[in-house]
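The following block contains the structure, expressed as structure tokens.
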Amino acid sequence: MKSITIVGGGPVGCLLAVLLAKRGYGVHVVERRPDMRAANISAGRSINLALSDRGLRALELAGIADDVRKIAIPMRGRMMHDVHGVQTYAPYGVGDQAINSVSRGELNKSLLTLAEDHGVMISFEQRCVDINLAAPSATFERDQSGVRTTIASDLLIAADGAYSAVRGRMQYLDRFNYSQSYLQHGYKELHIPAAANGEFRIEKHALHIWPRHSYMMIALPNLDGSFTCTLFFAHEGSPSFAELTTREAVAAFFNEQFLDAVAMMPTIVDDFFTNPESSLMTVKCYPWVSNNVALIGDAAHAIVPFYGQGMNCGFEDCRVLIECLDDANDDWTTALARYQELRKPNGDAIADLAIANFFEMRDKVADPVFALRKKIESYLYATYPDRWIPLYTLVTFSHVPYATALRMGQENDAWMDRMMTIPNIAEEWQTEGGKAALEAIVRERAPHGIDPSLIVTR
Ligand SMILES: Cc1cc2nc3c(=O)[nH]c(=O)nc-3n(C[C@H](O)[C@H](O)[C@H](O)COP(=O)(O)OP(=O)(O)OC[C@H]3O[C@@H](n4cnc5c(N)ncnc54)[C@H](O)[C@@H]3O)c2cc1C
């Protein structure tokens, strides 16, 4: 069996290692950081993550989905907080459809252990500094000593994240396309601790959003009763991180904009100055494969976090790669060619959807017309599921390719624009006449033809 080196022991690298080891390959994961199970280090930029069905399906393949569900908190909808602290709830889906808040560190640790249980060799504190794409081989440097080791293998897979060293080397290839763009907004993580009795201070089973048009704060629950908050805010301009330079300015800003949250954030000012201001970028590139070297996860497609899909997309990459190996009887040349052909359009689609969702979350969720469109959309989905599936459902609760979701979402928007022209739609849509008018339009639309088994319902 072929030997495989995976650069990067983040969630995607570890999951892929498990899946390939289960197939009988000899897998070696080489990770830059110390072993997070031993060292008390941060497991990355985002403390908790929304894990959704695409990610869970790949974890099921690895046999770890049920264990992960035990450390996850289902979030069934979004809870909007206005400037006066008034909360409005909107479900994400129907029934028990939910996204799951999970500690990124705990998930990564579980995957590291599972990989070792399956015979994967993992080396830590070895930073990839060079690649020989033709061999293939990778050269790693020990952080402390600077000692370099070169590892040759039959295949080299880069799961080394958004700033991938392997991708950096691929950029020197002829006809390698690459684009990187930063949002003008960055983010800072903040904290709502548990109440004195260990209880959650706000609804546990929701993703909380404080939409403020040009910026927003969100909060996801943790198992210990706390919430990890993330403020998405412009780096510069007004208002922006650049403006909030004094304790007084920070306190005044939060008191004015997030009054109900501030009451639950006793260390807000200290946290604001202690925690880093981080940036958000999108990376698109192609090809993802060169000889026996391939990119996966954020190394292939770094996206902004507003659809909660970065890791889910990376996990789906792993599942699709394994299916390509199945189809090609483990002929790697055929499988890798098919993998990049299938995944590249979907990586691009979720990158674009994630940026669009930023504007939806910060600007539109508080808008009554947007809320009306969402209510009508839920009605249409419940009544005409063969003709209407909401975009959020397609992205989050389905295994429909992201590119198909993007296209159907654009079509939904156009049909909904027409429905909004029905006279007095806000008042009429729940009456018999209003429903008949909606039906007349929706019946003009051809059935979408999506296999219902691709939509996850519980
Ligand atoms: C604020 C924020 C919120 C997010 N929320 C969500 C969410 O809710 N849901 C979701 O699905 N996704 C979310 N994401 C995205 C998610 O974090 C990433 O998509 C995911 O971590 C990608 O996994 P990965 O294994 O490909 O890369 P990474 O997690 O970046 O892991 C890469 C690994 O490679 C190692 N490495 C890097 N360089 C080298 C090198 N030169 N040599 C050796 N090792 C190296 C790193 O140390 C790391 O362990 C969020 C991201 C951010 C920034």
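Applying the selection to the range 365-398, what residues are outside any helix (DSSP H, G or I) and open to solvent by less than 30 Å² (accessible area, probe 1.4 Å)?
Correct list: VAL365, TYR384, TRP388, ILE389, PRO390, PHE397, SER398.
So, one more: Consider the range 172-218. How many of its residues are assigned to a strand (DSSP E or B) and open to solvent by less than 60 Å² (accessible area, probe 1.4 Å)?
Qualifying residue count for the region: 18.
Among the residues of the range 423-444, is any hydroxyl-bearing (Ser, Thr, Tyr), part of a helix (DSSP H, G or I) and open to solvent by less than 70 Å² (accessible area, probe 1.4 Å)?
Within the range 423-444, none of the residues are hydroxyl-bearing (Ser, Thr, Tyr), part of a helix (DSSP H, G or I) and open to solvent by less than 70 Å² (accessible area, probe 1.4 Å).
Given the conditions (1) touching a Gly at 6+ places or on another chain (Cβ under 6 Å); (2) modelled with pLDDT under 95, which single one is not true for HIS213?
Condition (1) is where HIS213 drops out.
Also: Please state which of the following conditions TYR163 fails to meet, knowing it meets all the rest: (1) under 23 Å from the mean Cα position of the chain (by Cα); (2) loosely packed, with under 15 Cβ neighbours inside 10 Å; (3) more than 30 Å from THR333 (Cβ to Cβ); (4) of a type outside the set (A, V, I, L, M).
Result: TYR163 passes all but (3).
Quick test for you: out of GLU323, GLU360, pick the one residue that is free of Cβ contacts under 8 Å to residues at least 60 places away in the same chain, open to solvent by 10 Å² or more (accessible area, probe 1.4 Å) and over 30 Å from LEU173 (Cα atoms).
Every option except GLU360 fails the conditions.
Residues to consider are PHE253, PHE315, PHE232; find the one that is over 14 Å from the mean Cα position of the chain (by Cα) and near the ligand (Cβ under 10 Å from one of its atoms).
PHE232 is the lone residue from the list that is over 14 Å from the mean Cα position of the chain (by Cα) and near the ligand (Cβ under 10 Å from one of its atoms).
Looking at the range 402-420, can you tell me whether even one residue there is in contact (Cβ under 8 Å) with a residue 60 or more places away in the chain and surrounded by 13 or more Cβ atoms within 10 Å (Cβ to Cβ)?
Yes, because at least one residue in the range 402-420 is in contact (Cβ under 8 Å) with a residue 60 or more places away in the chain and surrounded by 13 or more Cβ atoms within 10 Å (Cβ to Cβ).
Answer yes if at least one residue in the range 266-273 is in contact (Cβ under 8 Å) with a residue 60 or more places away in the chain, among the hydroxyl-bearing types (Ser, Thr, Tyr), touching a strand residue (DSSP E or B) at 6+ places or on another chain (Cβ under 8 Å) and not assigned by TED's automatic domain parsing to the domain that holds GLY297, and no otherwise.
Within the range 266-273, one or more residues are in contact (Cβ under 8 Å) with a residue 60 or more places away in the chain, among the hydroxyl-bearing types (Ser, Thr, Tyr), touching a strand residue (DSSP E or B) at 6+ places or on another chain (Cβ under 8 Å) and not assigned by TED's automatic domain parsing to the domain that holds GLY297.
Next question. Which of (1) within 14 Å of the ligand (Cβ to nearest atom); (2) open to solvent by less than 20 Å² (accessible area, probe 1.4 Å); (3) not β-branched (Val, Ile, Thr) is the odd one out, the single condition GLU277 does not satisfy?
The single condition GLU277 does not satisfy is (2).
What single numbered condition from (1) open to solvent by less than 40 Å² (accessible area, probe 1.4 Å); (2) modelled with pLDDT of 95 or more; (3) not charged (D, E, K, R) fails to hold for LEU342?
For LEU342, the failing item is (1).
Just give me the residues in the range 307-320 being surrounded by fewer than 22 Cβ atoms within 10 Å (Cβ to Cβ) and in contact with a strand residue (DSSP E or B) (Cβ under 9 Å, 6 or more places away or on another chain), in sequence order.
Once the filter is applied, which keeps residues that are surrounded by fewer than 22 Cβ atoms within 10 Å (Cβ to Cβ) and in contact with a strand residue (DSSP E or B) (Cβ under 9 Å, 6 or more places away or on another chain), the range 307-320 yields nothing.
While we're here: Show me the strands (runs of 3 or more DSSP E) entirely contained within the range 42-147 in which 1 or more residues are more than 10 Å from the ligand (Cβ to nearest atom) and surrounded by 14 or more Cβ atoms within 10 Å (Cβ to Cβ).
In the range 42-147, 72-75, 77-81, 87-91, 99-103, 121-123, 126-132, 137-142 are the strands (runs of 3 or more DSSP E) which contain 1 or more residues that are more than 10 Å from the ligand (Cβ to nearest atom) and surrounded by 14 or more Cβ atoms within 10 Å (Cβ to Cβ).
Keeping to the range 293-343, report how many residues are farther than 20 Å from SER398 by Cβ, small (Gly, Ala, Ser) and in a helix (DSSP H, G or I).
Residues flagged as farther than 20 Å from SER398 by Cβ, small (Gly, Ala, Ser) and in a helix (DSSP H, G or I) within the range 293-343 amount to 4.
Just wondering, is there one or more residues in the range 70-82 that are under 18 Å from PHE227 (Cβ atoms) and of a type in the set (Val, Ile, Thr)?
Yes, the range 70-82 contains a residue that is under 18 Å from PHE227 (Cβ atoms) and of a type in the set (Val, Ile, Thr).
The values are calculated or read from the model by the stated rules, or taken from the named source; none is laboratory data. Just so you know, these numbers come straight off a predicted model, no measurement behind them. Don't worry about glycine lacking a Cβ; one is built from the backbone with ideal geometry, like all the others, and counts go over all protein chains shown. Keep in mind that these areas ignore ligands, DNA and RNA; they rest on the heavy atoms of the full protein, side chains included. Shrake-Rupley method; radii C 1.70, N 1.55, O 1.52, S 1.80 Å.
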